[in-house]
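Structure first, then comments.
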Amino acid sequence: MIREITDRLETVYGRDEARAIAQIIAEEATGLTIGKILMNGLRLKDVPKAQEMTERALNSEPIQYITGWTMFCGNRIKCDRRALIPRPETEEMTQWILENEKDEGLKIIDIGTGSGCIATALAKRWSVTAMEKSEEAIGLATENFSANRTEVRVVRDDVLSPAQEYGRYDIIVSNPPYIRPSEKSLMENNVLMYEPGIALFATEDDPLMFYKAIAQFGSRYLKKGGRFYVEINRELGEETANLFRLAGYADVGIKRDMFGNNRFISGRWIK
């Protein structure tokens with residue numbers, strides 16, 4: 001079965017990626033390990049669910065939407081088209097926060113929580129508020145908070161024009177929309193076809209619009225010495241860092257991701 005799925009998916013994906021997806025489909029559809037699937041000699045025609053999942057993959061639907069979940073910082077996160085699929089880079093930023101922040105009792109706000117993956121991981125240790133403007137994404141995030149037994153305060157609000165009042169926070173974290181529409185040609189079809197554009201794209205004329213809003217939000221609601229962590233467009237690292245410096249933040253630095261790209265910025269509010 002795995003070879004059959006791989007051969008079919010190779011028309012859309014590279015061989016290695018096709019085989020990796022085939023293994024996931026086979027395990028998810030049968031509930032068996034790869035070893036038992038091979039031992040039992042299962043064929044694709046024997047497992048209707050695997051056939052249906054393979055057809056979805058052939059239409060470039062992301063495997064996380066097909067299976068309905070992914071792992072993120074040790075938590076099983078439900079995935080569907082209401083929010084972006086959690087990325088390895090975002091997991092890397094979250095792990096950075098978990099390793100870098102030593103104090104207990106921190107108050108954190110996750111701006112644009114989406115699936116709630118960041119908030120879920122951080123709420124295992126600290127008090128977390130999750131801000132999100134999409135009612136659909138809030139529904140998904142709430143399901144993930146409940147499934148992972150985490151207590152997170154959820155606020156429906158838009159950081160571009162906040163309508164709520166907030167307390168003081170020790171940390172702001174955000175993975176906001178940062179892709180310019182002109183960069184669509186560089187993106188995979190499965191992202192463009194299936195993931196919500198509202199969570200991907202800023203505007204062409206103001207690609208840093210969300211970072212300006214986050215900087216402004218932090219100037220009002222971060223405690224003195226409080227930190228921010230944001231994921232960024234790798235092509236706009238210096239521009240984004242300078243925005244925060246000019247807004248009054250100190251120790252603003254760019255951090256590379258596992259692929260060597262400028263991907264994260266952190267700094268402190270000192271006023």
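The values are calculated or read from the model by the stated rules, or taken from the named source; none is laboratory data. Being a predicted model, the structure only gives us computed values, none of them experimental. Here the Cβ positions follow ideal geometry from the backbone for every residue, glycine too, while neighbour counts run over all protein chains shown. Accessible surface areas use protein heavy atoms only, side chains included; no ligands, DNA or RNA. Shrake-Rupley method; radii C 1.70, N 1.55, O 1.52, S 1.80 Å.
Numbers below:
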{"quantity": "Conditions (1) modelled with pLDDT under 95; (2) among the aliphatic types (A, V, I, L, M); (3) open to solvent by 20 Å² or more (accessible area, probe 1.4 Å); number of the one not met by residue 58", "calculated": "(1)"}
{"quantity": "Residue match in the range 68-75 (condition: modelled with pLDDT of 95 or more, out of contact with any helix residue (DSSP H, G or I) (no Cβ under 7 Å at 6 or more places or on another chain), over 30 Å from residue 11 (Cβ atoms) and of a type in the set (A, V, I, L, M))", "calculated": "no"}
{"quantity": "Residue identified as open to solvent by 10 Å² or more (accessible area, probe 1.4 Å), in contact (Cβ under 8 Å) with a residue 24 or more places away in the chain and at negative phi among 222, 243, 186, 192", "calculated": "243"}
{"quantity": "Flag for residue 172 being of a type in the set (A, V, I, L, M) and under 24 Å from residue 117 (Cβ atoms)", "calculated": "yes"}
{"quantity": "Members of the range 256-271 found to be in a strand (DSSP E or B) and touching a helix residue (DSSP H, G or I) at 6+ places or on another chain (Cβ under 7 Å), listed by number", "calculated": "262, 263, 264, 265, 267, 269"}
{"quantity": "Exclusive hit being in contact with a strand residue (DSSP E or B) (Cβ under 6 Å, 6 or more places away or on another chain), open to solvent by 20 Å² or more (accessible area, probe 1.4 Å), within 30 Å of residue 58 (Cα to Cα) and touching a residue at least 40 places away in the same chain (Cβ under 8 Å), set 179, 270", "calculated": "179"}
{"quantity": "Subset of the range 174-192 [within 17 Å of the chain's Cα centre (by Cα) and in a helix (DSSP H, G or I)]", "calculated": "190, 191, 192"}
{"quantity": "From the options 217, 201, residue that is over 28 Å from residue 57 (Cα atoms) and in contact with a strand residue (DSSP E or B) (Cβ under 9 Å, 6 or more places away or on another chain)", "calculated": "217"}
{"quantity": "Top-ranked residue in the range 101-123 [being over 23 Å from residue 200 (Cβ atoms) and touching a residue at least 24 places away in the same chain (Cβ under 8 Å); ranked as most open to solvent (accessible area, probe 1.4 Å)]", "calculated": "103"}
{"quantity": "Close pairs from the range 59-74: first touching a residue at least 24 places away in the same chain (Cβ under 8 Å), partner in a strand (DSSP E or B), Cβ under 9 Å, at least 6 apart", "calculated": "63/70"}
{"quantity": "Every residue from the range 60-79 that is aromatic (Phe, Trp, Tyr) and out of contact with any Pro (no Cβ under 8 Å at 6 or more places or on another chain)", "calculated": "65, 69"}
{"quantity": "Residue match in the range 53-63 (condition: within 24 Å of residue 188 (Cβ to Cβ) and of a type in the set (Lys, Arg))", "calculated": "yes"}
{"quantity": "Which numbered condition residue 188 misses (of (1) touching a helix residue (DSSP H, G or I) at 6+ places or on another chain (Cβ under 6 Å); (2) more than 19 Å from residue 101 (Cβ to Cβ))", "calculated": "(1)"}
{"quantity": "Hits in the range 193-212 (condition: assigned to a helix (DSSP H, G or I) and β-branched (Val, Ile, Thr))", "calculated": "198"}
